[in-house]
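Quick notes on the structure that follows.
The values are calculated or read from the model by the stated rules, or taken from the named source; none is laboratory data. Everything numeric here is computed off the predicted structure, so don't read it as measured data. Surface areas here come from the heavy atoms of the whole protein model, side chains and all, with no ligands, DNA or RNA. Shrake-Rupley method; radii C 1.70, N 1.55, O 1.52, S 1.80 Å.
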Amino acid sequence: MMQAYREAQKAFEEDEVPVGCVIVKDGKIIARAHNRKEKKNCALFHAEIECIRNAARKLDNWNLKGCEIYVTLEPCMMCTGALINSRIDRIIYGCEDPKGGALVSNIRLQDIRLLNHYPEIQGGIMEKECSDLLKNFFKNKR
């Protein structure tokens with residue numbers, strides 16, 4: 001999670017919402033990314049989407065079975081869908097997102113019937129640090 005947090009710090013420095021993530025396979029980081037929505041002027045440039053693309057390129061395969069993602073903020077609906085479709089085994093996140101979270105906060109992923117894949121979910125890792133970084137970002141914006 002510390003590496004994902006470092007990615008979030010990069011986003012903070014670039015005046016992007018500070019969310020970062022890494023994808024790990026066999027104990028090694030194979031992809032990393034942070035939000036670049038403002039820089040790319042496109043709503044698709046969430047950290048998770050970029051990280052999935054980078055991991056798929058690295059593995060030369062869209063199927064990320066055997067991988068886990070560490071992300072500083074609970075993924076949104078778009079990113080959760082992409083994580084399900086990529087068949088990632090495990091999602092580990094820092095803090096919950098009461099406005100947009102789609103794992104446990106607003107939508108409980110495990111309650112959606114008939115999905116073809118259900119990743120393991122673990123939250124609250126480095127929760128305070130991840131939450132504080134986001135709070136500081138938005139405090140500076142106001």
>> Per residue, how much accessible surface does segment 1-60 expose to a 1.4 Å probe? Answer in Å², no decimals.
In response: 55
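Expressed in nm to one decimal, what extension gain is obtained for the pair E14 and N54 from 0.36 nm per residue of sequence separation less their Cα-Cα distance?
Gain in length upon complete extension: 12.4 nm.
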>> Given the DSSP H assignment, sum -39500 (n - 2.57) over each helix run of at least 4 residues in the chain and divide by its residue total; what's the result at 222 nm in deg cm²/dmol, nearest 500?
In response: -11000 deg cm²/dmol
> Could you give the semi-axes, largest first, of the ellipsoid that matches the chain, computed as the square roots of 5 times the alpha carbon gyration tensor eigenvalues and rounded to whole Å?
Replying inline: 22, 17, 14
>> Below 21 Å, Cα to Cα, which lysines can K10 reach? Residues fewer than 8 away in the same chain don't count.
In response: K28, K37, K39, K40, K128, K135, K139, K141
> For segment 1-139, which whole percent of the accessible surface, found with a 1.4 angstrom probe, sits on carbon and sulfur atoms?
Replying inline: 49
